[in-house]
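All remarks here apply to the structure that follows.
Please treat every number below as a calculation from the coordinates, not as lab data. In this text the structure is predicted, and so the values were computed from the model without any measurement. Reconstructed Cβ throughout: ideal geometry from the backbone, glycine too, with neighbour counts over all protein chains shown.
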Amino acid sequence: MRLPGLIDPHVHMREPGATYKEDWASGTAAAVAGGFTQILAMPNTEPPVVDGASLAHTVSLAEAKAHCDFAQFLGATAENVHQTADCADQSAGLKLYLDQTYGPLRLESLDLWKAHFLAWPKDRPLVAHAEGRSMAAAILMAALTDRPLHLAHVATREEILLVRAAKEKGLKVTCEVTPHHLFLTSADLPGGRGEVRPRLGSDEDVRALWENLAVIDCFATDHAPHTAAEKDCPDPPPGFPGLETALPLFLTAVSEGRLTLEDVVLRMSDNVRKIFKIPTQPDTWIEVDLDAKREITAEGLYSKAGWTPFEGWQTRGCVQQVVLRGETVFQHGKVLAQPGFGNRIR
Ligand code: NCD
Ligand code: ZN
Ligand code: ZN
């Protein structure tokens, strides 16, 4: 079965700064192996991507190493309100961290949120990590400044109902949900391996996400690789790898009748392209085997994380082949594209 190349609007590549967790080559190899032909990278690297110089530096690293097409987000800070718009055309969008998570980027004051909401061009993607009450405040800010806002990794019942209510009011909000928030609860992964932001929810949260599938615009992996050793330490960093397991999990849900293939393609390609204004790729598609039965295991994954929260899960459906701009870049379980084959999207 042929599907369009998938687009992941939320991945962490860790380069520059933490290439032992992931780099542009390993992360985009994982993307291709997972059926993704375009990815958008988050700015919470070390140093973070917050201005023209850091954006140009990160993009140059990516251009040398990427196996798939990519764009890089800018991160909002207390200092860069008046510089971000100049980089809007070269970036995936502007990312606002409104709650504590991994990395140094966090915007504390409402004044600062508002300044960024106003300064960033209305026709360029604005994305917020905003949980619970912060999400309510971010939606209000989008309404007050009359601009579109995309909400990252919606995870709870109250959040998805909030997004639904905002959409019913006609507000220009869109949202994404991760595979881990759709398939796991906090009971499934106790301890450091289960640390992720937003935290894994309850059965009730997971049920509410599935019941409100119509409210979910995109599935995004939030591929946030940290090594197994780091996850097993006393103070584990939050985040799960996810690029290589997302499509098999969603195809399994299709085989169980919980989703349709159209549901998947809409949320992993069409809607992402529309919301993030991503150009189409000529001669690009993936070939999936809907019947293939596999067991998820960390062994053989391209990500440097070296573990997966879905270890031992039985899946139905896998990626057989990925064709990017006419070239077969993945086949028989192997990434074939050379590093640097990936192009910048912006
Ligand atoms: C992400 C990371 O590790 O960069 N961690 C996470 O738990 N999701 C940061 C983020 O997406 O908030
Ligand atoms: Zn986040
Ligand atoms: Zn993230």
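General observations
- Cα centroid separation - segment 159-202 against segment 249-313, whole Å: 18 Å
- Label positions at Tyr20 and Leu336, each projected 7 Å from the Cα along the C-beta direction, are separated by 3.5 nm.
- Ranked by the mean number of other Cβ atoms within 10 Å of their residues, highest first, the peptides 128-135, 314-321 come out as 128-135, 314-321.
- Put simply, the amide H of Phe240, placed in the peptide plane, has neighbours under 5 Å in Ala224, leaving out anything fewer than 5 places away on its chain.
- Spin-label model distance (nm) - Ala187 vs Glu108, 7 Å beyond Cα toward Cβ: 4.0 nm
- Estimated FRET transfer efficiency (Asp203, Ala136; beta-carbon r; R0 22 Å; 0.05): 0.40
- A Cα-only calculation for segment 198-241 places Rg and Dmax at 13.8, 39 Å.
- Positive minus negative residues near Ala62 (Lys, Arg vs Asp, Glu; Cβ under 9 Å): 0
- The sum of -39500 (n - 2.57) across all DSSP H runs of n ≥ 4, divided by the residue count of the chain, sets its helix-only mean residue ellipticity at 222 nm to -8000 deg cm²/dmol.
- Between Ala41, His223, Gly333, the Cα set farthest toward the positive side of the dipole of the chain (charges on each charged residue's Cβ, about the Cα centre) is that of Ala41.
- 3J(HN,Hα) from dihedral phi, segment 259-270, Karplus parametrisation 6.51/-1.76/1.60, rounded to Hz, x for glycine, proline: 9, 9, 4, 4, 4, 5, 5, 4, 8, 10, 9, 4
- Rg/Rg_ref, the chain, where Rg_ref = 2.2 N^0.38 Å and atoms are Cα: 0.91
- Relative intensity, log₁₀ I(q)/I(0), of segment 27-131 from a Debye sum that treats every alpha carbon as a point, q = 0.13, 0.15, 0.17, 0.21 Å⁻¹: -0.46, -0.61, -0.77, -1.10
- Proximal charge balance of Pro148 [Cβ under 10 Å; K/R count +1, D/E count -1]: +2
- Within-14-Å neighbourhood charge of Arg14 [Cβ basis; K, R +1; D, E -1]: -3
- Couplings 3J(HN,Hα) for segment 197-205, derived from phi with the Karplus relation 6.51 cos²θ - 1.76 cosθ + 1.60 (θ = phi - 60°), are 10, x, 4, 4, x, 8, 3, 5, 4 Hz, where x marks Gly and Pro.
- Hz values of 3J(HN,Hα) by residue in segment 174-180 - Karplus curve (6.51, -1.76, 1.60), Gly and Pro given as x: 10, 8, 10, 10, 8, x, 5
- Under-5 Å amide H pairs with Val329, H placed in peptide plane, nonlocal only: Val322, Val323, Leu324
- Segment Thr280-Arg325, length gained on full extension (0.36 nm per residue, minus Cα span): 15.2 nm
- Principal axis box of segment 229-346, alpha-carbon based, largest edge first, Å: 46, 37, 31
- Within the chain, antiparallel bridges make up roughly 40 percent of the DSSP beta bridges whose residues both belong there.
- Relative contact order %, the chain, counting alpha carbon pairs below 8 Å whose residues are six or more apart: 22 percent
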